[in-house]
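Novice: Following this message is one structure expressed as structure tokens.
The values are calculated or read from the model by the stated rules, or taken from the named source; none is laboratory data. Because the structure is predicted, anything quoted here is derived from the model rather than measured. Cβ coordinates were reconstructed from backbone atoms using ideal geometry, including for glycine residues, and neighbour counts include every protein chain displayed.
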Amino acid sequence: MRQKMVAGNWKMNGTTNGVHELIRGIKAGFNGSSAEAVVCPPFVYLPFVAAEIAGSAIKLSAQNMCDQDVGAFTGEISGPMLKDIGCEYVILAHSERRAMYGETDEVAASKYAAALKNNLIPIFCIGETLEEREQDITEAVIARQIDAIVDAEGVASLANAVLAYEPVWAIGTGKTATPDQAQSVHAFIRNKIAGLDGGIAESLRILYGGSMNPANAAELIAQPDIDGGLIGGASLKADDFLAIINAAG
Ligand code: PGA
């Protein structure tokens, strides 16, 4: 049985007061769901949030990392640093990183390798743009994005990773994929991996992301191949995030 997971990607939101209020609200309302709950604050608030969630079951994730461990890489944050301050997870290859910061499949694979080497669990994002969906090449795009990490690190590496299917057209737009649309891509992903290793495919958690909210979470997460959510906008309100966790667990 795959444990469900709900991760809140705070993106570049919040200052000290807001972050304080959000994490306290989440902690106060979190009452031991069977789903795994993860928060992903901006880098500078990671130590603060780590201290706030210490002793609770809530887990910590970064939103990005460098593919190098140490050295002259101005402005970058390394895997050993994230481990040092208590991260268990790291979001990688988010579509905003791919689209706005030039992260190619090759860069994504390099970061994926660095995360695994540092015992961080990648939440590795894949997904097609609207144009790609309209051209009917969704599966080819997803396959290419998965091949980038499987070719480099092997299918066995997915035993220590989580995938997040996030159709780019659904991120921050209020346009959620329908449960059928999402399930169809999730099934494609699991079948593709099953072609390489049935056991890995069966245990791999595949999250859905893209305008998931308290109103649509339960139906999405009820799909057989959807194992939880990567939540952007709705993770910035404690009550909404908690409602999604409860819908999952
Ligand atoms: P959204 O973002 O929930 O605001 O659409 C999801 C994400 O980008 O991870």
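Novice: Just one of Ile77, Ile58, Ile91 is aliphatic (A, V, I, L, M) and farther than 18 Å from Leu230 by Cα; which is it?
Specialist: Ile77 is the lone residue from the list that is aliphatic (A, V, I, L, M) and farther than 18 Å from Leu230 by Cα.
Novice: Restricting attention to segment 150-190, which residues are away from the ligand (no atom under 11 Å from the Cβ) and not in a helix (DSSP H, G or I)?
Specialist: Gly154, Ala161, Val162, Leu163, Thr178
Novice: Of all the residues that make up segment 219-237, how many are assigned to a helix (DSSP H, G or I), away from the ligand (no atom under 12 Å from the Cβ) and within 18 Å of the chain's Cα centre (by Cα)?
Specialist: Residues in segment 219-237 being assigned to a helix (DSSP H, G or I), away from the ligand (no atom under 12 Å from the Cβ) and within 18 Å of the chain's Cα centre (by Cα): 1 in total.
Novice: Scan segment 64-123 residue by residue and report those that are surrounded by fewer than 15 Cβ atoms within 10 Å (Cβ to Cβ), among the small types (Gly, Ala, Ser) and not in a loop (DSSP other than H, G, I, E, B).
Specialist: The one that is surrounded by fewer than 15 Cβ atoms within 10 Å (Cβ to Cβ), among the small types (Gly, Ala, Ser) and not in a loop (DSSP other than H, G, I, E, B): Ala99.
For (1) within 16 Å of the ligand (Cβ to nearest atom); (2) within 26 Å of Leu204 (Cβ to Cβ); (3) not small (Gly, Ala, Ser), each residue gets a yes or a no:
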| residue | (1), (2), (3) |
| --- | --- |
| Glu52 | no, no, yes |
| Leu60 | no, yes, yes |
| Glu88 | no, yes, yes |
| Leu92 | yes, yes, yes |
| Ala108 | yes, yes, no |
| Ala114 | no, yes, no |
| Lys117 | no, yes, yes |
| Phe124 | yes, yes, yes |
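Novice: From the list Asp197, Asp240, which residue is modelled with pLDDT of 95 or more, within 11 Å of the ligand (Cβ to nearest atom) and surrounded by fewer than 21 Cβ atoms within 10 Å (Cβ to Cβ)?
Specialist: Just one listed residue meets the conditions, Asp240.
Novice: Answer with yes or no whether Val168 is of a type outside the set (Lys, Arg), at pLDDT 95 or above and within 15 Å of the chain's Cα centre (by Cα).
Specialist: So Val168 passes the test.
Novice: Any idea how many residues of segment 124-145 are more than 17 Å from Gly195 (Cα to Cα) and either under 13 Å from the mean Cα position of the chain (by Cα) or surrounded by 21 or more Cβ atoms within 10 Å (Cβ to Cβ) (or both)?
Specialist: Adding up the residues that qualify gives 5.
Novice: Val39 fails exactly one of the following numbered conditions: (1) closer than 25 Å to Thr129 by Cα; (2) surrounded by 20 or more Cβ atoms within 10 Å (Cβ to Cβ). What is the number of that condition?
Specialist: Of (1) closer than 25 Å to Thr129 by Cα; (2) surrounded by 20 or more Cβ atoms within 10 Å (Cβ to Cβ), only one is false for Val39: (1).
Novice: All but one of (1) over 17 Å from Gly249 (Cα atoms); (2) buried (at least 19 other Cβ atoms within 10 Å of the Cβ) hold for Ala51; state the number of the condition that does not hold.
Specialist: Checking Ala51 against (1) over 17 Å from Gly249 (Cα atoms); (2) buried (at least 19 other Cβ atoms within 10 Å of the Cβ), the one that fails is (2).
Novice: Which of (1) more than 17 Å from the chain's Cα centre (by Cα); (2) part of a helix (DSSP H, G or I) does Ala215 not meet, given it meets every other one?
Specialist: Result: Ala215 passes all but (2).
Novice: Residues being touching a Lys or Arg at 6+ places or on another chain (Cβ under 8 Å) and either under 18 Å from Leu82 (Cα atoms) or at pLDDT below 95 (or both): count how many of those fall in segment 97-121.
Specialist: 4
Novice: Within the set of pairs 6+ apart or on separate chains, which have a first residue in segment 68-88 that is over 14 Å from Ala51 (Cα atoms), a second that is part of a loop (DSSP other than H, G, I, E, B) and acidic (Asp, Glu), and C-beta atoms under 8 Å apart?
Specialist: Once the first residue is over 14 Å from Ala51 (Cα atoms) and sits in segment 68-88, its partners that are part of a loop (DSSP other than H, G, I, E, B) and acidic (Asp, Glu) give Gln68/Glu76; Ser78/Asp69; Gly79/Asp69; Pro80/Asp69.
Novice: Among the listed residues Ser184, Ser211, identify the single one that is within 18 Å of Ala143 (Cα to Cα) and either among the polar types (S, T, N, Q) or surrounded by fewer than 18 Cβ atoms within 10 Å (Cβ to Cβ) (or both).
Specialist: Ser184
Per-residue answers, yes or no, for (1) surrounded by fewer than 21 Cβ atoms within 10 Å (Cβ to Cβ); (2) farther than 25 Å from Ser235 by Cβ; (3) modelled with pLDDT of 95 or more:
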{"residue": "Asp147", "(1), (2), (3)": "yes, yes, yes"}
{"residue": "Asn160", "(1), (2), (3)": "yes, no, yes"}
{"residue": "Ala164", "(1), (2), (3)": "no, no, yes"}
{"residue": "Gly172", "(1), (2), (3)": "yes, no, no"}
